Each structure stands twice: as C-alpha cells, then as structure tokens.
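Peer 1: My questions will all concern the structure given below.
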Amino acid sequence: MRNLVAHKSCFLVLLLLLLLFTSQFSSATKKTFNRDQPCKRFVLYFHDILFGGNDVANATSAAVANETGLGNFKFGKLFVFDDPMTKDKNYLSPAVARAQGFYFYDMKNDYNAWFAYSLVFNSTEHKGTLNIMGADIMAAQTRDLSIVGGTGDFFMARGIATFETDLFQGAKYFRIKMDIKLYECY
Ligand SMILES: *[C@@H]1O[C@H](CO)[C@@H](O)[C@H](O)[C@H]1NC(C)=O
Ligand SMILES: *[C@@H]1O[C@H](CO)[C@@H](O)[C@H](O)[C@H]1NC(C)=O
Ligand SMILES: *[C@@H]1O[C@H](CO)[C@@H](O)[C@H](O)[C@H]1NC(C)=O
C-alpha cells in the first residue's frame, strides 16, 4: 500500500515537472506582436500605367492574358508590372523602389486582384527586396497583404502591406497607397 502511494506521488512530481518544462519552452518560443508598434513603417505610392500599344515610354504594366468570360469580373485576366514606387502622389517623382510582379483577377462574383510582387530597392538609402502577396478585394476601403519575407536591408523581414486605392482611372492608370509595416526586423 505504501509502495503504491509512493509511486503515485512520484508520478505526480514527474507530471508537474513535465508541465513546467513544456510551458517554459512554449513561452520562450511564442512571439507576441502589437499591431500598433511595427519595428519599421513607411508609406509609398504605387503607380500603374497600362500599356496601350503605343505608349512604350510611359507605360509600366501590360495585360498578358485576357479575361475568360467566366462571370463579369474579368476572371483570369493577368497583368505583369514594373511600377515605380514614390514617396508622394506624383508618378514622375523619383522612384524609391520598383514594384515588380503580377496580379490577376480570380473571383467569379466580384473584383479581386491577387497580387504577388517584389519591392526592389536599389538606392543609397536602401538595397534589398520585400516580397508581398495576397488578395486585393477592390471594393474594400483597405486591404491587408502579407509581407512574406525580405532580403538585403530587409533581411528576413515580415509584416503587413495595407493597400488603399488613391486614384482609379479604369485599368489605364491607378494609384495605390501602400502602408508598409514590418513586425519582424533583423
Ligand atoms: C479580351 O476579352 C474581351 C471580352 O471577351 C474582348 O472584348 C476583348 O476584345 C479581348 N481583348 C483582346 C486583346 O483579345
Ligand atoms: C543598382 O544601381 C546601381 C547603380 O545605379 C546599378 O549599377 C545596378 O545595376 C543596379 N542593380 C539593380 C539590380 O538594378
Ligand atoms: C502617362 O500616363 C499618365 C497616366 O495615365 C498620363 O496622365 C500621362 O499623360 C501620360 N504621359 C504621356 C507622355 O503619355
């Protein structure tokens, strides 16, 4: 009988130790992020001028595949862009980075552009890339896309890019305000 009690308490002590170790381990690896306190933040404007056939000098993006006719929201239409990113709203201002990538429409019953691109920085201020992807539900006032990684000055960065349409002149020209917030900086 005494043996059994001893075994039981021994087991309880082991269990407690195990709990203690696992909780310490998880608190050491769990990171908490405060949305309001990014480690780095800046706002840039994205300018997209669609190639019309003759405006080679001015255009920065081109349609690569046409819509498919599935639904009324351009499903399947794909654009590739090499767009300037500026600090203000003027597309002729010096570009601090280029946004290079693509978007396509992928929703049958609303306008949703799915973006995947790199912000390529090559200036005295910054060298490196931030890589961004996600859904851009165009009807929403603001949209959050994931910053999934970075290189160079943005080595291993992660965060959120909040999109807000600033001007939309059909597909011909549109400007998006991008609020870049990094929550992991190294
Ligand atoms: C793309 O598709 C639309 C709708 O089907 C059509 O009106 C347009 O002419 C097409 N554009 C090209 C370049 O094929
Ligand atoms: C970055 O800028 C330098 C200096 O203007 C240029 O020589 C180099 O080719 C650029 N690199 C890229 C990847 O654009
Ligand atoms: C370039 O594109 C912008 C935006 O569509 C337009 O306002 C501007 O007039 C164009 N410039 C030239 C020289 O075509």
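Laboratory data are not the source of any read-out in this text; all were calculated from the coordinates shown. All of these numbers come straight from a predicted model, not from anything done at the bench. Here Cβ is always computed from backbone atoms with ideal geometry, including for glycine, and neighbour counts include all displayed protein chains.
Peer 1: Net charge near Gly101, counting Lys/Arg +1 and Asp/Glu -1 over other residues with Cβ under 14 Å of its Cβ?
Peer 2: Charge balance in the 14 Å sphere: -3.
Peer 1: Can you give the Kirkwood hydrodynamic radius of the range 40-184 from its Cα pairs, in Å with one decimal? Kindly include the intermediate steps, with their values, before the conclusion.
Peer 2: Numbers: mean 1/r = 0.0644 Å⁻¹.
Result for the range 40-184, one decimal place: 15.5 Å.
Peer 1: Now, a different point. Please sort 141-154, 32-45 by packing, taking for each peptide the average over its residues of neighbouring beta carbons within 10 angstrom, highest first.
Peer 2: On the way: 141-154: 16.9, 32-45: 12.2.
Highest-to-lowest ranking by the protection proxy: 141-154, 32-45.
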